[in-house]
1. For the stretch B:238-255, give me each residue that is surrounded by 15 or more Cβ atoms within 10 Å (Cβ to Cβ) and touching a residue at least 24 places away in the same chain (Cβ under 8 Å).
2. Identify, please: which residue in the stretch B:339-390 is out of contact with any strand residue (DSSP E or B) (no Cβ under 9 Å at 6 or more places or on another chain) and more than 27 Å from residue B:451 (Cβ to Cβ) and is, among those, modelled with the lowest pLDDT?
3. Hey, can you tell me all the residues within the stretch B:6-32 that are under 30 Å from residue B:160 (Cβ atoms), touching an Asp or Glu at 6+ places or on another chain (Cβ under 6 Å) and not polar (S, T, N, Q)?
4. Need pairs with beta-carbon distance below 7 Å; first residue farther than 9 Å from residue A:377 by Cα and within the stretch A:72-92, second surrounded by fewer than 18 Cβ atoms within 10 Å (Cβ to Cβ) and at pLDDT below 95; sequence gap 6+ or separate chains.
5. Considering A:162, A:156, which residue is out of contact with any helix residue (DSSP H, G or I) (no Cβ under 7 Å at 6 or more places or on another chain) and of a type outside the set (Asp, Glu)?
6. Conditions: (1) buried (at least 21 other Cβ atoms within 10 Å of the Cβ); (2) at pLDDT 95 or above. Residue A:280 meets all but one. Number of the miss?
7. Please indicate, with yes or no, whether at least one residue in the stretch B:324-338 is facing chain A (nearest Cβ under 9 Å) and assigned to a loop (DSSP other than H, G, I, E, B).
8. Only one of (1) closer than 25 Å to residue B:179 by Cα; (2) in a loop (DSSP other than H, G, I, E, B) is not met by residue B:295, so which one is it?
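The values are calculated or read from the model by the stated rules, or taken from the named source; none is laboratory data. All of these numbers come straight from a predicted model, not from anything done at the bench. Please note: Cβ atoms are built from the backbone with ideal geometry, for glycine as well, and neighbour counts cover all protein chains shown.
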Amino acid sequence: MGSIKDKVAIVGMGCSKFGERWDASLEDLVIESAYEAFADAGVRPEDIEACYLGLLTAPTGGTGGTVVSNALKFKDIPILRNENWCASGHIAMIEACLAVASGAFDTVMAVGVEKLKDTGFPGLGTGRGMTPVLEARRTSPGSFGLIGKRYFETYGLSDKEGKETIAKIAVKNHDNGSLCPKAHFQNRITLEQAMNAPIIAWPLGLFDCCGNSDGSACAIVTRADAAKNFRPDPVYLKGFGISMDAVLPHVRPGFDWTRFGSLINSSRRAYEMAGIKNPREELDLAEVHDCFTITELTIYENFGFSPWGKAKADIDNGFFTREGGLPVNTDGGLKCFGHPVGASGIRMMYEVYKQLQGKADKPERQIKNARLGLTHTFGGPPQLSAVAIFGNEKG
Amino acid sequence: MVGIVSYGAYIPALRIDRNVIAEAWGRNAIGGERSVANHDEDSITMAVEAAANCLLDTVLEREGIGGLYFASTTAPYQEKMSSTLIATVLDLGREIETTDFANSLRSGTGALKAALGMTGCGSTKNLLVTAADQRLAYPRSDQEQVFGDGAAAVLVGTENLTATFEGSYALCEEIVDVWRNPEDRYVKSWENRFVLEEGFTAGMTAAVSGLLKKCNLKAADIAKAILPAPDARTHRTLAQKLGFDAKTQVQDPLITNVGYCGTAQPLIMLAAALEAAKPGDLLLLAAYGEGADALLFKVTDGIGRQTSHRSLQSFFAQKRMLTSYTRYLSYRGILEAAPGEPFRLFPSATTSWRERKSSLRCHASKCRQCGLVTYPIQRVCYQCRSKDDFDEVRMSGLTGKVFTFSLDNLAGRSDDPSIVQTVVEMENGSRFYGIMTDCDPASVTLNMPVELTFRRIYEGAGFHNYFWKCRPVWKGGTE
């Protein structure tokens with residue numbers, strides 16, 4: 001496989017306020033993040049040559065790339081919508097980077113957006129298909145919850161120890177989210193609160209589940225060699241990886257529910273392209289797909305942040321807190337920042353971009369000397385994973 | 001010689017103590033408990049269960065079954081055959097007889113007689129007869145306490161018989177005593193004394209007497225009189241009037257612990273009688289409904305051959321109590337609980353039809369190259385990538401163990417909110433992913449043994465949708 005390391009750079013980003021945006025339409029959310037990104041990059045809408053959209057669902061069917069052209073009055077440029085479950089935004093961004101690296105375009109935009117709060121339902125993903133096959137009244141928490149009991153069993157954790165371990169992830173992410181003005185939830189919680197919260201899909205309680213939010217995030221991408229014409233501190237794409245498992249994990253014979261091929265392979269490819277040998281040591285921060293706390297725990301191990309079965313020790317030691325060896329989800333993650341599906345991947349990049357520039361919105365949550373950051377979304381049943389790694393220097 | 005090859009009943013796991021119903025209305029209870037179909041069960045799913053139970057002990061391959069009859073007054077469709085669905089789910093062949101029998105509590109014995117006729121005349125070598133009912137009585141009515149839900153199946157054939165068919169007698173009596181109009185939800189009935197005296201007792205008496213006379217027999221010659229009745233007292237009176245000894249000759253009407261299961265009741269009681277029968281026993285089976293049917297069977301030396309099927313005793317013993325009358329009303333759709341999260345994508349009749357081998361026949365693909373078994377069917381093998389090179393293998397009837405699970409409180413019905421999402425490691429190495437039913441969610445554990453059961457899964461697009469679920473393995477025998 002080839003590499004596009006250091007070939008493209010982000011020169012501007014925007015992110016809407018996430019949350020229950022009863023006031024805002026899909027188009028309003030696009031406008032909010034896009035105009036922040038235009039201003040940040042110092043470009044005008046007419047400078048954008050192509051647009052890559054990440055959008056999973058829409059309040060109504062049949063929403064194509066036109067949602068962006070309608071909102072931003074883009075005239076006569078290609079707008080490509082990508083739908084890949086929760087990785088939609090990530091993959092739209094990777095498509096944007098590949099387009100620039102190919103030489104087809106110089107300056108493009110990637111935007112992710114989702115409007116979940118118009119559906120009238122507070123959760124995500126009930127009902128998957130037009131036939132009963134594989135249709136088990138499956139919700140996202142019910143589906144990801146399947147990892148929990150199996151993980152506890154595999155590594156000898158009692159239900160209580162297991163619940164407590166993942167509850168600590170929720171406490172950490174709430175602590176991080178409390179410092180983020182754009183996050184959906186900005187409250188701190190205690191371990192007791194997390195442990196005693198109502199059960200959504202056992203073993204997952206309320207605080208093990210991410211916010212179901214509206215929001216949008218946007219990136220302006222250009223050639224790395226032209227990036228400094230836009231700004232002095234562009235952020236470079238170091239590597240990416242996208243991987244999909246070949247069959248639904250639920251029906252895959254022999255699957256152990258702790259080691260996900262898509263996670264392992266997508267991170268490995270991204271590390272290879274970025275030249276990372278030891279992610280635990282080399283990464284300065286990571287934004288990973290904590291749709292549920294158990295997912296974040298699984299990612300620690302599948303991404304090589306923690307040895308297999310040892311995530312609990314790292315969690316107990318605070319390794320993934322802002323002060324720890326590898327801060328994870330410094331903006332509160334999906335848990336607190338919220339999870340408007342198509343927007344999430346690009347929202348993570350917004351956090352990494354700002355951290356790598358030393359421009360975190362509140363100084364108390366700025367990671368010192370951050371040089372290399374990872375973003376990641378994990379999508380579908382879960383079956384597909386997308387990773388991107390960014391750095392603030394070439395080379 | 002034509003007769004019964006094998007038999008099997010099905011009583012839903014849920015029971016409601018009749019005191020619970022009575023207390024809700026400030027009435028007296030008639031005592032005992034009644035069976036209640038779960039909210040994911042109906043006459044079709046119960047018939048599937050009974051039929052699968054009936055086939056457990058037969059030497060016949062499913063492909064060797066000549067046809068399937070289904071009798072019920074509560075088929076899910078007014079127009080559309082149910083026996084085709086039941087036959088498909090049982091994975092029977094396609095070149096078979098299927099017919100639905102309906103509209104009378106006598107349709108169960110009617111289907112049985114039709115099967116005996118079709119088989120006896122050599123038109124088919126055997127026929128599987130199923131009967132199931134889930135009748136709704138008016139809330140607060142006596143019938144609400146008496147009625148039960150259940151099913152039974154009998155395989156009729158000419159070889160390996162458990163009981164031979166010795167004769168029948170039928171009486172047609174036009175009477176409006178118990179009925180239901182197309183627009184009615186609940187069973188209606190005329191004044192009780194008229195219904196029981198001029199309808200039920202007169203009809204059953206005439207039919208039983210007629211059969212005995214026709215076969216030149218006396219009441220004392222009968223080993224067991226199987227007399228399904230709408231209540232225990234009427235049953236006692238009838239048996240006494242016909243001269244059967246209450247202690248030795250009368251089959252338990254199952255009112256106390258199951259209830260009156262309509263069309264299915266004669267065949268459920270027949271199954272119970274066969275479970276206790278000895279070679280040479282004469283069994284007299286009668287059924288009422290605008291007149292009555294009476295049939296005579298003689299038990300053969302083949303009795304006792306059914307060793308692995310689920311006995312009535314096992315159904316009596318293994319149950320889950322429904323402690324809420326409100327929930328009973330909601331399960332039957334009489335009360336409308338707050339809806340759960342609806343399915344956004346409505347089912348498609350086309351897609352359901354196209355995927356019937358996986359979703360109805362419960363077929364998995366077994367790769368001819370590497371042997372991997374995957375459910376549902378995968379055209380390209382996950383393991384070795386061979387394309388369209390697999391055999392279809394049937395998953396229903398297999399057991400498995402819970403590999404992992406979650407208890408999803410978000411997506412269930414509001415009257416049964418906790419959905420047990422389950423990944424099952426099946427005994428053939430495949431994985432089944434689905435909902436666990438008929439279980440206590442709090443008691444689910446890893447490695448718990450489960451089996452597959454065919455259930456109604458959701459409503460949408462104006463037709464009924466069924467799929468497989470898993471449930472804790474029922475322990476066999478008569479504990």
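1. Start the filter on the stretch B:238-255 by keeping residues that are surrounded by 15 or more Cβ atoms within 10 Å (Cβ to Cβ), which leaves B:238-239, B:242-244, B:249-255.
The answer is B:238, B:242, B:243, B:244, B:249, B:250, B:251, B:253, B:254, B:255.
2. Filtering first and then ranking leaves B:344.
3. Kept after step one, since they are under 30 Å from residue B:160 (Cβ atoms), are these residues of the stretch B:6-32: B:6-12.
Applying the additional criterion that residues be touching an Asp or Glu at 6+ places or on another chain (Cβ under 6 Å) yields B:6, B:10, B:12.
Hits for the stretch B:6-32 are B:10, B:12.
4. A:81/A:64
5. Working: A:162 fails: out of contact with any helix residue (DSSP H, G or I) (no Cβ under 7 Å at 6 or more places or on another chain).
Answer to the check: A:156.
6. Of everything listed in (1) buried (at least 21 other Cβ atoms within 10 Å of the Cβ); (2) at pLDDT 95 or above, residue A:280 misses just condition (1).
7. Checking the stretch B:324-338: not a single residue is facing chain A (nearest Cβ under 9 Å) and assigned to a loop (DSSP other than H, G, I, E, B).
8. So the condition that residue B:295 fails would be (2).
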